[in-house]
1. Test Leu176 against the criterion of being touching a helix residue (DSSP H, G or I) at 6+ places or on another chain (Cβ under 8 Å), at pLDDT 90 or above and within 19 Å of Val94 (Cα to Cα), and give yes or no.
2. Please determine whether any residue of segment 34-45 is modelled with pLDDT under 65, of a type in the set (S, T, N, Q) and surrounded by 15 or more Cβ atoms within 10 Å (Cβ to Cβ).
3. Does Leu12 meet the test of being modelled with pLDDT under 80, surrounded by 15 or more Cβ atoms within 10 Å (Cβ to Cβ) and closer than 21 Å to Ile172 by Cβ?
4. Suppose we filter Glu70, Glu64 for residues that are at pLDDT 65 or above, at negative phi and among the acidic types (Asp, Glu); which single one remains?
Amino acid sequence: MRNQFSIFHFLLFFFLLVFLLTFIQLQLITLSFEKLGLSPQATMMLLLGSLLGSWINIPLFAIEASPPPEVIETPFGLLKPPVIPFTGKTIIAVNVGGCLIPLVFSAYLVNRLDLPLPPLLLGIAIVAGIGYFFSRPIPGLGIGMPILVAPLTAAIVAIVLGEEYRAPFAYICGTLGVLIGADLLHMNDIRRMGTPIASIGGAGTFDGIFITGVIAVLLA
């Protein structure tokens, strides 16, 4: 979950876009998706769709919520949350790039490769549990989680449970595990975060969902 788009998110998106372009030049992303059976052209389409979709949040419903605290205590000290207009309600939305596209692509992999569902569901549950344990709601900001926790967990799960399907297991367990553990399982915390909009899948692709999938595939 993340709060509404702001200048901070724009700057973050810009620098991450530069990072992504460099990443592509090193062919790491292409290599990871080649493991999933995608051509370079299909990989580029997926990347562009994820990037463009990260700007789009589809509202679902609104819930009553409390205003954010004036000061937030974090492991790094006291933090004053950004001043955002708040009406007492939080709109729950889904992010296209960070939620819908990973869901569709995961379903495509399951169908095309005929993946065994019992170990796959177990892997997703393990990553979701680890993601929930390590993620924390930050009032006025969103859900925070160390970025390497989920991909490392997904890679280990894929190695243990995936057998010849390690790459797709890593991607699916990593992305869906983060969506479930860091976002959906924290739905009850949204009322206390004081944010106008909470988007499942984050402020965009790079809240951890996309990077989790890429790193997990590379490690598996």
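1. yes
2. No, segment 34-45 contains no residue that is modelled with pLDDT under 65, of a type in the set (S, T, N, Q) and surrounded by 15 or more Cβ atoms within 10 Å (Cβ to Cβ).
3. no
4. Glu64
The values are calculated or read from the model by the stated rules, or taken from the named source; none is laboratory data. This one's a predicted model, so the numbers in the text were calculated from it and none came from an experiment. Glycine also receives a Cβ, built like all others from the backbone with ideal geometry; neighbour counts cover every protein chain displayed.
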